[in-house]
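The values are calculated or read from the model by the stated rules, or taken from the named source; none is laboratory data. Remember, predicted model here, so these are calculated numbers, not experimental data. Cβ: placed from backbone, ideal geometry, glycine included. Neighbour counts: every protein chain shown.
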Amino acid sequence: MKDIIRIGIVEDELIIAEKLKHLLTEIGYLVFEPAINYSEALELLKSGKPDLMVVDINLREKNDGIDLAKVINDKYQIPFIFLTANGDRLTVERAKKVYPHAFLLKPFTKEELYAAIEIAFSNYKVSSGSIESKTESISKEYIFIRENHRFIKLNFSEIIYVESQENYVIIHTSGKKNFIIRSTFSDFIKQLPEQLFLQTHRSFVVHLNYISKLEPTEIFAEDYIIPLSNTFRAKLYKVLGIKD
């Protein structure tokens, strides 16, 4: 039986807290009673041991959600999502310093909440076997990527290759559609399963199942030609069972 993800809520507006609890329960998560302040949040972390926290940044007291995030990072090392009505530059810059795993703006829909949780687990650097076993079924076959103001589910099987362009990555898919997202190349490829994708060049990663032909410096995948550098050739040949 698959483990149920346990989620904690920290929100001082009771109507929003209840809405969150209701939506998360509808999706299928186990949800603790919401904490309405910093102190209750600390108790929830200690006693409930949630797998993920949804945290309002602007708690109406001395310690806010960013202070709580520092505790989560230092003591509990679980993913958390920031929830806020303020998407201004100052708030975002403060939030970035504690490395939230996703960011959700009020008002939000059930679909946006679900996508934020999926993204949070996908972005989370797995540090324990318990979290890995609970998130494996969530993040193994797909990722969510952002396009304008929405999130799109993209199966790994649809990705032919990924290339780096400065601070962006371009995802080339079997549907002939390209997705351009803002991310470093190294951060993005960490989300791809190693058994399916292999780096062929400092700026390229290819899905192994799409490779149809190899040349010393090039890979053919569908209608694309992808560079193959000396640095990565030996590993690719080994994975494919090719003796050079």
Which residue is nearest to Leu44 (Cα to Cα), if the candidates are limited to segment 74-94 and must be in contact with a helix residue (DSSP H, G or I) (Cβ under 7 Å, 6 or more places away or on another chain) and assigned to a helix (DSSP H, G or I)?
Tyr76
If we keep just the residues of segment 1-23 that are at pLDDT below 95 and assigned to a loop (DSSP other than H, G, I, E, B), which is surrounded by the fewest Cβ atoms within 10 Å (Cβ to Cβ)?
Met1
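Scan segment 100-116 residue by residue and report those that are surrounded by 13 or more Cβ atoms within 10 Å (Cβ to Cβ) and in a loop (DSSP other than H, G, I, E, B).
Of segment 100-116, the ones surrounded by 13 or more Cβ atoms within 10 Å (Cβ to Cβ) are 100-106, 108, 110, 112-116.
If the condition is that a residue be surrounded by 13 or more Cβ atoms within 10 Å (Cβ to Cβ) and in a loop (DSSP other than H, G, I, E, B), then Pro100, His101, Lys106, Phe108 are the ones that fit.
Mind listing whichever residues of segment 158-168 are surrounded by fewer than 18 Cβ atoms within 10 Å (Cβ to Cβ) and either at pLDDT 90 or above or of a type outside the set (Asp, Glu) (or both)?
Once the filter is applied, which keeps residues that are surrounded by fewer than 18 Cβ atoms within 10 Å (Cβ to Cβ) and either at pLDDT 90 or above or of a type outside the set (Asp, Glu) (or both), segment 158-168 yields Glu158, Gln165, Asn167, Tyr168.
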Of all residues in segment 197-244, which are part of a helix (DSSP H, G or I), without any contact (Cβ under 8 Å) to a residue 12 or more places away in the chain and in contact with a strand residue (DSSP E or B) (Cβ under 6 Å, 6 or more places away or on another chain)?
none
Could you please find all residues in segment 41-57 being touching a strand residue (DSSP E or B) at 6+ places or on another chain (Cβ under 8 Å) and free of Cβ contacts under 8 Å to residues at least 40 places away in the same chain?
Ala41, Glu43, Leu44, Leu45, Ile57
Which residue out of Glu194, Glu163 is among the acidic types (Asp, Glu) and not in a loop (DSSP other than H, G, I, E, B)?
Glu163
Consider Ile171 carefully, then state whether it is within 24 Å of Tyr114 (Cα to Cα), buried (at least 19 other Cβ atoms within 10 Å of the Cβ) and either in contact (Cβ under 8 Å) with a residue 40 or more places away in the chain or among the small types (Gly, Ala, Ser) (or both).
no
Where residues in segment 50-88 are among the polar types (S, T, N, Q) and under 12 Å from Pro100 (Cβ atoms), which of them is modelled with the lowest pLDDT?
Thr84
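Yes or no, residue by residue, for (1) out of contact with any Leu (no Cβ under 9 Å at 6 or more places or on another chain); (2) among the aliphatic types (A, V, I, L, M); (3) surrounded by 11 or more Cβ atoms within 10 Å (Cβ to Cβ); (4) not assigned by TED's automatic domain parsing to the domain that holds Tyr124:
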residue: Phe179; (1), (2), (3), (4): no, no, yes, yes
residue: Arg182; (1), (2), (3), (4): yes, no, no, yes
residue: Ile189; (1), (2), (3), (4): yes, yes, yes, yes
residue: Leu192; (1), (2), (3), (4): yes, yes, yes, yes
residue: Thr200; (1), (2), (3), (4): no, no, yes, yes
residue: Ser203; (1), (2), (3), (4): yes, no, yes, yes
residue: Asn209; (1), (2), (3), (4): no, no, yes, yes
residue: Lys213; (1), (2), (3), (4): yes, no, no, yes
residue: Pro216; (1), (2), (3), (4): no, no, no, yes
Go through (1) over 18 Å from the mean Cα position of the chain (by Cα); (2) crowded, with 17+ Cβ neighbours inside 10 Å; (3) touching a residue at least 40 places away in the same chain (Cβ under 8 Å) one by one and return the number of the condition Glu26 breaks.
(2)
Condition check for Asp67: under 23 Å from the mean Cα position of the chain (by Cα), over 21 Å from Ile119 (Cβ atoms) and not polar (S, T, N, Q):
yes
